[in-house]
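Working notes, structure below.
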2 protein chains.
Amino acid sequence: MSTPMTQTPASEMMKLLDDLSIFSAPGSGVTRLLYTSEWSQAQLFLQERMAGFGLKVETDKVGNVYGRLVGRNPDDKVILTGSHVDTVVNGGKYDGAYGIAAAITAIHYLHETFGQPLRSLEVVSFCEEEGSRFPLTFWGSGHVTGMYDGSEADTCADSEGITLRTAMAECGYGSSDDTMNQSIDLIKRDDIKAFVELHIEQGILLEKTSKQIGIVQAIAGQRRFTVRVSGTANHAGTTPMNMRADALTGTAEMLLLLERLAGEAGEPLVATSGRLEIIPNTPNVIPGEVQFTLDIRHSEAEKLERFCTDILSAFNEIAAKRGLTMELTPRLSAPPAPMNSELCHDLERICQKQGRSYRNMVSGAGHDAQLFAPRCPTAMIFVPSRDGISHSPAEYSSTEELGAGLEVLTELLYELAYKEI
Amino acid sequence: MSTPMTQTPASEMMKLLDDLSIFSAPGSGVTRLLYTSEWSQAQLFLQERMAGFGLKVETDKVGNVYGRLVGRNPDDKVILTGSHVDTVVNGGKYDGAYGIAAAITAIHYLHETFGQPLRSLEVVSFCEEEGSRFPLTFWGSGHVTGMYDGSEADTCADSEGITLRTAMAECGYGSSDDTMNQSIDLIKRDDIKAFVELHIEQGILLEKTSKQIGIVQAIAGQRRFTVRVSGTANHAGTTPMNMRADALTGTAEMLLLLERLAGEAGEPLVATSGRLEIIPNTPNVIPGEVQFTLDIRHSEAEKLERFCTDILSAFNEIAAKRGLTMELTPRLSAPPAPMNSELCHDLERICQKQGRSYRNMVSGAGHDAQLFAPRCPTAMIFVPSRDGISHSPAEYSSTEELGAGLEVLTELLYELAYKEI
């Protein structure tokens with residue numbers, strides 16, 4: 001039994017988003033960290049809402065929540081759509097939550113309008129993606145896709161020293177004996193035919209280019225490094241300019257070159273140094289050591305690799321020329337995740353049919369979809385973020401923008417779940 | 001009555017330096033902060049040593065220690081020489097202490113060799129110069145020259161919240177009623193004919209140019225600023241290179257220009273950014289704000305001023321070009337302090353006579369002598385610092401180097417105190 005739709009899908013979705021945003025720790029914006037009470041309440045609220053819409057609700061061992069509209073061919077693989085329920089500290093109400101609220105609303109609408117689908121249609125609220133409480137990311141989709149097997153829960157603790165295992169147990173998850181919350185034992189799933197994720201862009205490209213919809217062609221690969229530049233700390237007053245080995249001005253030369261070469265490489269390459277520490281960091285001492293981070297992203301593995309090789313070799317030349325030494329520590333290497341090209345074409349066609357402006361684009365940010373991309377046909381749809389702001393209470397997209405994304409998602413889900421192939 | 005000299009002046013001085021270095025807080029190197037027990041013991045030790053050499057010992061209200069060899073014309077103004085007894089945390093055993101030990105030894109030697117001088121010859125051990133415990137500098141020489149009047153003692157506290165007034169009182173100083181330590185009521189002195197300070201260079205210039213003696217022509221003026229560069233914090237993955245307002249790469253362009261223009265300006269100009277902080281300082285966020293310090297020094301006021309004006313105007317252009325805003329806060333403006341040119345010529349003549357290699361130079365570091373320079377003929381003599389290292393347990397100058405400085409000082413003091421003018 002499903003509650004009838006008494007308002008437009010967009011209104012229903014906005015109401016659901018508002019309702020969901022209540023589940024937050026105190027403070028500005030929304031703070032919903034993994035396995036906290038506000039997180040538990042949010043997942044419970046979603047289960048109730050899904051059940052109310054006639055979906056078959058299940059949770060798994062790590063707390064992912066599923067709501068299934070069972071298809072006429074129940075042995076067929078499932079069309080899965082959704083996003084993550086957790087947020088960063090003082091985050092916004094759209095990041096993650098939008099993808100869940102839109103998925104529930106789309107399935108509700110399709111059910112009301114077209115009845116039972118051919119193939120099962122399922123919404124997922126992933127337990128975690130942000131890495132805001134524990135030092136790992138994709139705890140939800142990483143289990144579903146087999147990247148994690150749960151053994152990480154013992155070695156990983158939050159800033160208060162609570163292990164992931166303990167936090168899970170306190171919420172009633174983690175053990176297969178525990179029947180308090182979980183209703184399915186299986187976490188890793190091999191029954192998914194396609195995965196579709198709708199998300200706010202968290203960037204400024206759609207707004208700047210006045211497009212309603214971004215069709216993600218690939219989620220960029222990422223390389224992260226820490227670079228340590230060592231020179232000689234010395235007295236700022238007594239050391240002539242030509243007798244210095246200043247780690248900070250050496251670093252400045254590297255960062256300017258990084259910016260210039262990244263600009264010349266062109267989109268979608270981005271390169272950023274976001275964190276920098278000086279030793280000793282004293283106004284009257286020439287910096288003896290600087291440590292800074294590098295974050296380099298591109299949608300093509302080969303171009304990403306080549307840029308990293310070139311820039312690091314140029315950094316080494318700058319260091320050598322200045323009598324500095326340089327030490328490099330790789331921190332992260334995530335390959336690019338191309339989205340399914342057929343689904344991308346379907347999305348283009350849907351946008352054209354609905355008369356929406358759209359652009360093909362690369363997602364510079366990571367998303368749950370990147371874990372599904374190597375395993376099943378995967379698609380990702382973006383809507384504009386005002387001023388490109390995200391991970392902030394100021395995160396905002398208008399009802400019209402969010403509603404456009406919902407309609408594109410709904411149409412794609414219809415094609416995937418209702419149409420004869 | 002004076003203890004006879006039983007060894008060479010250089011040996012006596014080295015012994016005194018060694019003895020003085022015992023008075024230190026635990027830890028590597030020498031730590032002797034103002035009004036601590038090790039500082040008290042050091043000043044007491046110096047009083048005893050001065051008295052033992054037949055000098056008339058006095059202390060003033062802030063704990064400066066004087067030892068006077070009274071001249072035949074006691075109404076004539078005094079020839080004063082010495083340096084500061086305090087150190088930085090984990091400092092070396094030469095910074096400050098060398099100027100005191102050499103002054104005591106020189107006066108002892110002159111007394112033994114030539115008897116009573118015409119003019120009174122006096123050594124001073126200033127209580128404080130470094131600013132290591134309380135957030136002010138020159139607490140000793142600043143009182144002697146009238147820069148301070150003691151009122152600062154109530155508003156100034158160390159990192160544990162102990163006011164300067166309390167710290168003074170605990171050592172028996174600060175009140176004119178208190179007769180425990182101080183023997184002279186007058187702090188500010190108008191009876192000084194000339195001031196001479198011998199000091200380690202704390203720079204690398206003498207070593208690099210193989211000179212035994214540095215004749216300081218001027219102590220550089222200093223301008224310090226804090227610069228705040230503001231752009232837009234944004235997602236490192238989702239913000240294309242050409243849509244960024246990155247405060248860190250803007251800062252990098254400023255720092256590279258600073259380095260280039262300072263190099264082109266040539267000696268003795270030096271310009272340094274020693275401290276830099278980023279907000280939010282997160283690897284995957286484009287820096288929205290950077291705050292950094294500027295420390296610019298030159299021996300000529302006009303050139304110092306012009307360089308500051310030019311570089312800050314160039315910084316503003318860089319900020320404007322990049323869509324960043326820039327905010328400037330002046331932190332310090334200390335004018336250059338030229339040394340007395342007649343005394344500089346005397347030192348040149350003495351070096352030539354003694355067959356010593358020397359160079360005229362600017363002191364990029366601040367010294368007690370800069371407070372005397374506007375008030376009486378003042379001279380400053382440098383000896384080499386190994387590798388230019390100072391404010392470190394690794395601070396080192398050889399006995400030969402320190403001995404050469406002692407002989408130059410001794411000769412100048414002889415000329416100033418014993419010769420008919």
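Assorted remarks:
- Residue within the range B:363-377 that is surrounded by fewer than 22 Cβ atoms within 10 Å (Cβ to Cβ) and closer than 19 Å to B:Ser21 by Cα present: no
- Test: residue in the range A:386-395 that is outside any loop (DSSP other than H, G, I, E, B), within 13 Å of chain B (Cβ to nearest Cβ) and not basic (Lys, Arg): yes
- Restricting the range A:1-52 to residues that are free of Cβ contacts under 8 Å to residues at least 12 places away in the same chain and among the hydrophobic types (A, V, I, L, M, F, W, C), the residue that is farthest from A:Val123 (Cα to Cα): A:Ile22
- Yes/no for B:Leu205 being more than 14 Å from chain A (Cβ to nearest Cβ), closer than 22 Å to A:Thr238 by Cα and either small (Gly, Ala, Ser) or in contact with a helix residue (DSSP H, G or I) (Cβ under 9 Å, 6 or more places away or on another chain) (or both): no
- Under the condition of being at the interface with chain B (Cβ under 8 Å from one of its Cβ atoms), under 19 Å from B:Ala247 (Cα atoms) and surrounded by 22 or more Cβ atoms within 10 Å (Cβ to Cβ), the residues counted in the range A:275-292 number 2.
- Counting only strands (runs of 3 or more DSSP E) that sit completely within the range B:36-123, those holding 2 or more residues that are crowded, with 24+ Cβ neighbours inside 10 Å and either at pLDDT below 95 or within 25 Å of the chain's Cα centre (by Cα) (or both) correspond to B:65-69, B:78-84.
- Single condition B:Ile213 does not satisfy, out of (1) at pLDDT below 95; (2) touching a helix residue (DSSP H, G or I) at 6+ places or on another chain (Cβ under 9 Å): (1)
- Every condition in (1) touching a Ser or Thr at 6+ places or on another chain (Cβ under 6 Å); (2) surrounded by fewer than 16 Cβ atoms within 10 Å (Cβ to Cβ); (3) under 29 Å from A:Ile204 (Cα atoms) is met by A:Pro268 except one, and the failing one is (2).
- Once the range A:374-410 is narrowed to residues that are more than 18 Å from the chain's Cα centre (by Cα) and among the acidic types (Asp, Glu), the residue that is modelled with the lowest pLDDT is A:Asp387.
- Within the range A:224-247, residues that are free of Cβ contacts under 8 Å to residues at least 12 places away in the same chain sit with their Cβ atoms under 9 Å from residues that are part of a strand (DSSP E or B) and surrounded by 21 or more Cβ atoms within 10 Å (Cβ to Cβ), at 6+ positions apart or across chains, in these pairs: A:Thr238/B:Val270; A:Thr238/B:Ser363; A:Pro240/B:Val270; A:Met241/B:Val270; A:Met241/B:Ala271; A:Met243/A:Asn234.
- When the range B:264-274 is filtered for residues that are of a type in the set (Gly, Ala, Ser) and at the interface with chain A (Cβ under 7 Å from one of its Cβ atoms), the ones remaining, listed by number, are B:Ser273, B:Gly274.
- In a residue-by-residue description of the range A:303-314, the property of being under 18 Å from A:Ser363 (Cβ atoms), more than 8 Å from chain B (Cβ to nearest Cβ) and not aromatic (Phe, Trp, Tyr) applies to at least one position.
- Qualifying residues in the range A:213-258 (those that are of a type in the set (S, T, N, Q) and buried (at least 21 other Cβ atoms within 10 Å of the Cβ)) - the one nearest to the other protein chains (Cβ to nearest Cβ): A:Thr238
- Any chance A:Glu129 is of a type outside the set (Phe, Trp, Tyr), assigned to a loop (DSSP other than H, G, I, E, B) and surrounded by 24 or more Cβ atoms within 10 Å (Cβ to Cβ): yes
- Test set (1) at pLDDT below 95; (2) more than 8 Å from every other protein chain (Cβ to nearest Cβ) - B:Leu261 fails condition number: (1)
The values are calculated or read from the model by the stated rules, or taken from the named source; none is laboratory data. Keep in mind the model is a prediction, meaning the values are calculated, not measured. Glycine also receives a Cβ, built like all others from the backbone with ideal geometry; neighbour counts cover every protein chain displayed.
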